[in-house]
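Structure record follows, encoded as structure tokens.
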Amino acid sequence: MKIYLAGSWQRRKELQEYASALIQSGHQVTSRWLWSETGGLSQTPDSVLCEWAQVDLEDIRTSECLILFTEQHGVWTSGGRLVEFGVALERGLQLICIGRKENIFCYGSGILLFEQFHSALEHLTNNS
């Protein structure tokens, strides 16, 4: 299955490990941003950020599933992952949330919620 991982830039190294586990389980990870070395929002020129936004949208369009890694209350992030979740929701992709139901759209019918990534990986492995 082609899977896009949506999470905060600060968690990129953690998500790279999850991407590796998905690949080892036979899935394809479409999130090219995970392997970018450009830096965060404050360290990257606007023109590069614009290009990466387009790349992210292309990656979501080629996916069958999006896994959203939510944040705890009080953790600030730029919110790009929530936009990606919305795009995937509109496109009808299979949606999985890891963590808590962070906003109203996480309560939608058919959206799977897991506390830990490894539970989601087990689900994907048994149902793909």
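Of all residues in region 27-47 being farther than 22 Å from Arg91 by Cα and either at pLDDT 95 or above or among the hydroxyl-bearing types (Ser, Thr, Tyr) (or both), which is nearest to the chain's Cα centre (by Cα)?
Here the answer is Ser36.
Select from region 103-115 the residues that are within 14 Å of the chain's Cα centre (by Cα) and over 16 Å from Ile3 (Cβ atoms) and write down the one among them that is modelled with the lowest pLDDT.
By that ranking, first place goes to Cys106.
Only one of these is modelled with pLDDT of 85 or more, closer than 15 Å to Leu121 by Cα and either outside any loop (DSSP other than H, G, I, E, B) or touching a helix residue (DSSP H, G or I) at 6+ places or on another chain (Cβ under 9 Å) (or both): Ala19, Ala53. Name it.
Within the list Ala19, Ala53, the selection yields Ala19.
For region 95-111, give me each residue that is small (Gly, Ala, Ser) and more than 11 Å from Phe69 (Cβ to Cβ).
Those that are small (Gly, Ala, Ser) and more than 11 Å from Phe69 (Cβ to Cβ): Gly108, Ser109, Gly110.
Against the conditions (1) loosely packed, with under 13 Cβ neighbours inside 10 Å; (2) within 22 Å of Ser25 (Cβ to Cβ); (3) within 13 Å of the chain's Cα centre (by Cα), where does Gly99 fall short? Just the number, please.
Failing condition for Gly99: (1).
In the list Ser31, Ser8, which residue meets the criterion of being surrounded by 15 or more Cβ atoms within 10 Å (Cβ to Cβ), farther than 20 Å from Thr125 by Cβ, polar (S, T, N, Q) and touching a residue at least 24 places away in the same chain (Cβ under 8 Å)?
Selected residue: Ser8, the only one of Ser31, Ser8 that is surrounded by 15 or more Cβ atoms within 10 Å (Cβ to Cβ), farther than 20 Å from Thr125 by Cβ, polar (S, T, N, Q) and touching a residue at least 24 places away in the same chain (Cβ under 8 Å).
Just the residues that are among the hydrophobic types (A, V, I, L, M, F, W, C), outside any helix (DSSP H, G or I) and in contact with a Phe, Trp or Tyr (Cβ under 7 Å, 6 or more places away or on another chain), please, taken from region 1-16.
Once the filter is applied, which keeps residues that are among the hydrophobic types (A, V, I, L, M, F, W, C), outside any helix (DSSP H, G or I) and in contact with a Phe, Trp or Tyr (Cβ under 7 Å, 6 or more places away or on another chain), region 1-16 yields Leu5, Ala6.
Taking Ser25 as the residue in question, decide whether it is in contact (Cβ under 8 Å) with a residue 24 or more places away in the chain and touching a strand residue (DSSP E or B) at 6+ places or on another chain (Cβ under 8 Å).
Criteria not met by Ser25.
The values are calculated or read from the model by the stated rules, or taken from the named source; none is laboratory data. Keep in mind that this is a model prediction, so the values were computed, not measured. Note: ideal-geometry Cβ built from the backbone for every residue, glycine included; neighbour counts use all protein chains shown.
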